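The structure appears right after this line, and notes come after that.
Throughout, read-outs are computed from the coordinates displayed, never taken from laboratory work. Being a predicted model, the structure only gives us computed values, none of them experimental. For neighbour counting, all protein chains shown are included, and Cβ atoms are generated from backbone atoms with ideal geometry for every residue, glycine included.
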Amino acid sequence: MNRRILIAAPLLALLAACATQPVSAPVSVADTIAHNPNLSTLNGLVAKSGLADTLKATGPYTVFAPTNDAFKAVPAKTMDELASNPAKLKAMLSYHVVPSKMMSADIKNGNAKTAEGGNVALSKAGEFVTVEDAMVQQSDIVATNGVVHTVDRVLMPPRR
């Protein structure tokens, strides 16, 4: 009897601790990006470009979200140009957004039209997903109005 109590007590304590933890409610794509420390550069640029309101709207949206490391790889000159041209910044960021919800299991080889108006090449091989030359690092981060997939490169829309 005492042995059962000794075994059950730690399990009950763990269950009680888990029960008191708040369950995070799903939030918009914009808020999902804002709450991810690995996407802080993207979050700042989304706010600066005025795209945050769009990404809080009904959607659905799929965002291929470049990580902080992905932005570090972009030449400083390019980042300066984007910072000084809000329209160009918004176009570049919109090129990472597909106006539909695409879970990784839904992705097929082919093109997808972006919110910017261009097409991005999607490819899937087993569990690996790429968008253009960027590899999806973390997939299927679900939001109330879509999904976020982190990627290791910043995508640049083609010049028109």
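When +1 charges are put on Lys and Arg Cβ atoms and -1 charges on Asp and Glu Cβ atoms, the dipole computed for region 27-151 relative to its Cα centre reaches about 200 debye. Going from the residue with the fewest nearby Cβ atoms within 10 Å to the one with the most, His149, His35, His96 rank His35, His149, His96. Peptides 98-106, 122-130, 60-68, ordered by how many other C-beta atoms sit within 10 Å of their residues on average, highest first, read 60-68, 98-106, 122-130. Expressed to the nearest 5 percent, the antiparallel share of DSSP beta bridges inside region 27-151 is 75 percent.
For region 27-151, the fraction of C-alpha pairs more than 17 angstrom apart is 53%. Across region 95-143, the fraction of Cα-Cα pairs farther apart than 13 Å, rounded to a whole number, is 55%.
Here each label is just a point 7 Å from Cα along the line to Cβ, and for Met135 and Asp53 those points are 3.9 nm apart.
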